[in-house]
Amino acid sequence: MKITIGSDHGAVDLKEEVKMVLKELGVEVTDVGTFGKESVDYPDIAEKVCADVTGGRSERGIVLCGTGIGISMAANKIKGIRCALCNDVYSARMARQHNDANVLAMGGRVLGFGPAGEIVRVWVKEEFTGGRHARRVDKIMALEGR
Ligand code: RB5
């Protein structure tokens, strides 16, 4: 699997930890930055990560900021993106099984490395269960056209 990851300055350390977990899982990772602690704007990072997903260069994306809130809001403005802010393992599992989330958001100032790693492991491995959930996801995507 290929995953593109990006963070603002609020989660650069978490990004490195998440990359280590992804590599352990055999995921091919593209990192679009940021690479330092200088302040950057999280919508710009969301745009870069999501462009890889909607452009087919990566199957999924991971976006990180201080809380995960701003960057998930930005990602969800982009057509084709279903970004789930998951700061717990249960949400990560449901985001895949029920919502077919193609982008995961987390907060670098909310989560420690251990919990974030568990969230990532679950989110990478879980599959969409389809069925009645497919109808609901289709309805979410239909909202993009309104
Ligand atoms: C940046 O200071 C901070 O606002 C950002 O990382 C994020 O938490 C926004 O939702």
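The values are calculated or read from the model by the stated rules, or taken from the named source; none is laboratory data. In this text, all values refer to a predicted model and were calculated from it rather than measured experimentally. Positions of Cβ are backbone-derived with ideal geometry, glycine not excepted, and every protein chain shown enters the neighbour counts. All accessible areas refer to the heavy atoms of the entire protein, side chains included, with ligands and DNA or RNA removed. Shrake-Rupley method; radii C 1.70, N 1.55, O 1.52, S 1.80 Å.
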- [ ] Just give me the residues in the stretch 80-135 being open to solvent by 40 Å² or more (accessible area, probe 1.4 Å), in a loop (DSSP other than H, G, I, E, B) and aliphatic (A, V, I, L, M), in sequence order.
- [x] Val110
Task: First in the stretch 134-146 and closer than 14 Å to Asn76 by Cβ, second anywhere and surrounded by 10 or more Cβ atoms within 10 Å (Cβ to Cβ) and aromatic (Phe, Trp, Tyr), Cβ under 8 Å, 6 or more apart - done: Val137/Phe128
Open item on the list: Take the residues in the stretch 101-146 that are more than 14 Å from Glu17 (Cβ to Cβ) and β-branched (Val, Ile, Thr); name whichever of them is nearest to the ligand (Cβ to nearest atom).
Closed with: Val103
Task: Given (1) more than 16 Å from the ligand (Cβ to nearest atom); (2) free of Cβ contacts under 8 Å to residues at least 40 places away in the same chain; (3) open to solvent by 10 Å² or more (accessible area, probe 1.4 Å); (4) not acidic (Asp, Glu), index of the condition Val32 fails - done: (1)
Task: Any pair with Cβ under 7 angstrom, 6 or more apart, that starts in the stretch 5-17 at a residue that is closer than 12 Å to Asp44 by Cβ and ends at one that is part of a helix (DSSP H, G or I) and more than 7 Å from the ligand (Cβ to nearest atom) - done: Gly6/Ile45; Gly6/Lys48; Gly6/Val49; Ser7/Leu14; Ser7/Lys15; Ser7/Ile45; Asp8/Ile45
Open item on the list: I need every pair where a residue in the stretch 48-75 that is farther than 17 Å from Ala11 by Cβ has its Cβ under 6 Å from the Cβ of a residue that is part of a loop (DSSP other than H, G, I, E, B) and of a type in the set (S, T, N, Q), sequence separation at least 6 or different chains.
Closed with: Asp52/Ser58; Val53/Asn102; Arg60/Asn102
Open item on the list: Conditions first: (1) more than 24 Å from Gly145 (Cβ to Cβ); (2) in a loop (DSSP other than H, G, I, E, B). Lys77 passes all but one, so which condition is the exception?
Closed with: (1)
TODO: Restrict the check to the stretch 36-44 and report whether at least one residue is at pLDDT 95 or above, more than 16 Å from the ligand (Cβ to nearest atom), open to solvent by 10 Å² or more (accessible area, probe 1.4 Å) and not aliphatic (A, V, I, L, M).
DONE: no
TODO: Kindly indicate whether Val18 is open to solvent by 20 Å² or more (accessible area, probe 1.4 Å), over 21 Å from Met141 (Cβ atoms) and of a type outside the set (D, E, K, R).
DONE: no
- [ ] Return the only residue of Gly70, Gly56 being of a type in the set (Gly, Ala, Ser) and either in a strand (DSSP E or B) or exposed (fewer than 15 other Cβ atoms within 10 Å of the Cβ) (or both).
- [x] Gly56
